[in-house]
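S.K.: First the structure, which I've put down as structure tokens, then a few questions once you've had a look.
The values are calculated or read from the model by the stated rules, or taken from the named source; none is laboratory data. All of these numbers come straight from a predicted model, not from anything done at the bench. With ideal geometry, Cβ positions are generated from the backbone for all residues, glycine too; neighbour counts draw on all protein chains shown.
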Amino acid sequence: MNFSINEDLAMIIKTVKDFVDSEVDLVAQQIEEENRIPSQIIETAKDMGLFGLSIPEEYGGTGLDMVGKCMVFEQLGRTSNGFTTFIGAHNGIGTVGIVEMGNEAQKRKYLPDLAAGNRFGAFALTEPGAGSDASNLGTTAVLKEDKYILNGTKHFITNATDATVFTVMAATDKSKKAKGITSFIVEKDFPGFKIGTVERKMGLRGSHTAEIIFEDCEVPVENLLGQEGQGYVNALKILANGRAGLAARNLGSMQKLLELSVQYAQQRAQFGKSIASFQAIQHMLADMEVDIQATRALTYKVAWMVDQGMKIIKDAAVVKYFASEAYGRVADKALQIFGGMGYMKDFPIERYYRDARITRIYEGTSEIQKNIISAQLLKEYELI
Ligand SMILES: Cc1cc2nc3c(=O)[nH]c(=O)nc-3n(C[C@H](O)[C@H](O)[C@H](O)COP(=O)(O)OP(=O)(O)OC[C@H]3O[C@@H](n4cnc5c(N)ncnc54)[C@H](O)[C@@H]3O)c2cc1C
């Protein structure tokens, strides 16, 4: 594995870090209070090409490979996780399906606008009755002449209120269960598409999560994404591809928490000395560093595997599971080091603490990642 980076990528990473640390972080508290990302931040992100991270250059994107993309995500992870989730979901689950499974006409139609940030992308798999059991979809798609007619409800969809292009999974043949699921590109303007309840969440302020309702929603036949019956496999591939990216975002947040914790521990004095001089605090910092180093190694290993075209089902689940649990541990230690101040909204620690919690749930819970890892392991050992 070779993670040496060329000058262009080094420049991109530096520019993103500067943008995050000197512009986005300044408004992180505002995002928290207003539950809205200021438009000037979105505009700058567009100018920097941050909406085209997964999209090849020929369609207007940055054409970064997975290692490069994770390096950018790591920098984005340093600040408001609501902002990072908005950008991350667009670049990950919101656009990867069209890049990987779309035909040439679909790519030409949708990718340039998605890359420019003129349109935002989202991914709609989860339903009230189909969460971890994502193949048990109630949403149906029935072919009538030149249109599929979709009926059903999706919920917990990130970017639903901001996106206009959705990768949607629906059952074209319920009797075939997972093999009867098909994916579609659905536009917000299609007749029968409606946004339902917008959720009130524990964290991720600025990232909006909502219900989508399809009532005889008309999807032109040319918006079939891939083959009929391949939708569940497509969904799993899109999710697996995104797992290193989510881990990279967690990594950036963990790194930021460590920096804030070291700084605070050195400044805060109790019993006549800085709390950094207490071994109890030093050990917490050491544990944080260990979790960060392990997450970094796993993240870039899996990103590299994606770039090599290797099979990543097990490793992607390993990195998603580890990085989410590690982020929770690191946020918890940071809060402990900050003491009472960590619990107050004057410092960003409590925000990271709340935002870390979702990473063990969305894009597949920790329990589901462990199911994937063990199922793959058992398969491997069967072959020996
Ligand atoms: C903020 C947010 C954003 C989201 N964004 C999106 C999005 O953009 N697109 C999208 O499609 N979905 C999205 N989701 C949905 C998310 O992926 C699901 O919430 C997640 O997969 C879990 O499903 P569930 O909430 O229905 O929990 P459930 O499946 O009901 O799980 C409840 C508990 O049971 C456990 N459990 C379930 N089955 C098993 C099993 N077989 N073995 C062991 N334990 C099990 C789970 O691990 C969990 O602890 C989002 C969710 C949230 C909260």
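S.K.: Residue check: is residue 275 aliphatic (A, V, I, L, M) and not assigned by TED's automatic domain parsing to the domain that holds residue 321?
M.R.: Considered against the rule, which asks whether it is aliphatic (A, V, I, L, M) and not assigned by TED's automatic domain parsing to the domain that holds residue 321, residue 275 comes out as no.
S.K.: Here is a further query. Here are 97, 63: which of them is at pLDDT below 95 and either within 21 Å of residue 303 (Cβ to Cβ) or not charged (D, E, K, R) (or both)?
M.R.: The conditions single out 63.
S.K.: Of the residues 192, 180, which is on the phi > 0 side of the Ramachandran plot, in the same structural domain as residue 219 (by TED's automatic domain parsing) and modelled with pLDDT of 95 or more?
M.R.: From the options 192, 180, the qualifying one is 192.
S.K.: Which strands (runs of 3 or more DSSP E) sit wholly inside segment 96-175 and have at least 1 residues that are more than 16 Å from the ligand (Cβ to nearest atom) and touching a strand residue (DSSP E or B) at 6+ places or on another chain (Cβ under 7 Å)?
M.R.: 140-144, 147-158
S.K.: Could you list, ordered by first residue, the pairs with Cβ atoms under 7 Å in which the first is in segment 120-138 and of a type in the set (Val, Ile, Thr) and the second is in a loop (DSSP other than H, G, I, E, B) and within 8 Å of the ligand (Cβ to nearest atom), at least 6 apart or interchain?
M.R.: Hits for this filter: 126/134.
S.K.: Does segment 210-223 include one or more residues that are out of contact with any helix residue (DSSP H, G or I) (no Cβ under 8 Å at 6 or more places or on another chain), small (Gly, Ala, Ser) and more than 12 Å from the ligand (Cβ to nearest atom)?
M.R.: No: segment 210-223 contains no residue that is out of contact with any helix residue (DSSP H, G or I) (no Cβ under 8 Å at 6 or more places or on another chain), small (Gly, Ala, Ser) and more than 12 Å from the ligand (Cβ to nearest atom).
S.K.: Just checking, does segment 210-229 include any residue being out of contact with any strand residue (DSSP E or B) (no Cβ under 7 Å at 6 or more places or on another chain) and surrounded by 16 or more Cβ atoms within 10 Å (Cβ to Cβ)?
M.R.: So far as segment 210-229 goes, no, none of its residues is out of contact with any strand residue (DSSP E or B) (no Cβ under 7 Å at 6 or more places or on another chain) and surrounded by 16 or more Cβ atoms within 10 Å (Cβ to Cβ).
S.K.: Please give the number of the condition residue 55 fails out of (1) away from the ligand (no atom under 16 Å from the Cβ); (2) in a helix (DSSP H, G or I).
M.R.: Failed condition: (2).
S.K.: When the residues of segment 346-374 are filtered to those that are farther than 16 Å from residue 134 by Cβ and not in a helix (DSSP H, G or I), which remaining residue is farthest from the ligand (Cβ to nearest atom)?
M.R.: 346
S.K.: Any residue that is within 11 Å of residue 185 (Cα to Cα) and hydrophobic (A, V, I, L, M, F, W, C) - is there at least one of those in segment 124-136?
M.R.: For segment 124-136, residues within 11 Å of residue 185 (Cα to Cα) and hydrophobic (A, V, I, L, M, F, W, C): present.
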